[in-house]
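Structure first, commentary second.
The values are calculated or read from the model by the stated rules, or taken from the named source; none is laboratory data. Quantities reported herein were computed from a predicted structural model and do not represent experimental measurements. Here the Cβ is made from the backbone with ideal geometry for all residues, glycine too, and neighbour counts use every protein chain on show. Note: areas computed on protein heavy atoms with side chains; ligands, DNA, RNA excluded. Shrake-Rupley method; radii C 1.70, N 1.55, O 1.52, S 1.80 Å.
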Amino acid sequence: MTDEKGRLIWISAAQPGRTHDITAARRDHLLAHLRAAGLGALADLGFLGLDDDPDNPVVVTGFKATRARKLTPSQKEANRALAAGRVPVERGSAHLKNWWILTKLRTEPARATHLFRALLVLTNVEATTDN
């Protein structure tokens, strides 16, 4: 998870690669944590259906077209606006890939979690010393 400027602020516990985004979010009780903090999140279509409160959504996702149902012009515009808002998120995720160790990582999820969280701290230290 990143803030609005693309700075990494939270990394979930590592999951096997086959774990779907929405499953990982449910395991980590992401909705409850966001609601408790009074925060919201912009998410990609991998999180479609995660939010259980349509009247007070915490996680905002785009619209998905199907073969039977094409997107309306307003839905396409909403998807474009959401994608523009998610650019910093993608930049924050891409920044993690600058760490060479992640290209060679082959270990169990518990050890990977410790490494990812250490890199989160180092990334934030790096970001504050660059200014």
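Things worth noting here:
- A search for C-beta distances below 9 Å between a residue of region 1-18 that is hydroxyl-bearing (S, T, Y) and open to solvent by 30 Å² or more (accessible area, probe 1.4 Å) and any residue that is modelled with pLDDT of 80 or more and assigned to a loop (DSSP other than H, G, I, E, B), counting only pairs 6+ apart in sequence or on different chains, returns S12/M1; S12/D28.
- Subset of region 19-33 [assigned to a loop (DSSP other than H, G, I, E, B), more than 15 Å from D51 (Cβ to Cβ) and open to solvent by 70 Å² or more (accessible area, probe 1.4 Å)]: H20
- Among the candidates L50, L122, residue that is closer than 22 Å to I11 by Cα and over 18 Å from the mean Cα position of the chain (by Cα): L122
- Filtering R86, R106 for residues that are under 21 Å from I22 (Cβ atoms) and either surrounded by fewer than 13 Cβ atoms within 10 Å (Cβ to Cβ) or under 17 Å from the mean Cα position of the chain (by Cα) (or both) leaves a single hit, R86.
- Scanning region 56-83 for residues that are open to solvent by 40 Å² or more (accessible area, probe 1.4 Å), assigned to a loop (DSSP other than H, G, I, E, B) and under 12 Å from D44 (Cα atoms) yields F63, K64.
- Residue count for region 18-36, restricted to those that are more than 13 Å from the chain's Cα centre (by Cα) and modelled with pLDDT under 90: 2
- Qualifying residue in region 37-50 (condition: exposed (fewer than 15 other Cβ atoms within 10 Å of the Cβ), not in a loop (DSSP other than H, G, I, E, B) and not small (G, A, S)): yes
- Residues located in region 49-93, provided they are modelled with pLDDT of 90 or more and of a type in the set (D, E): E77
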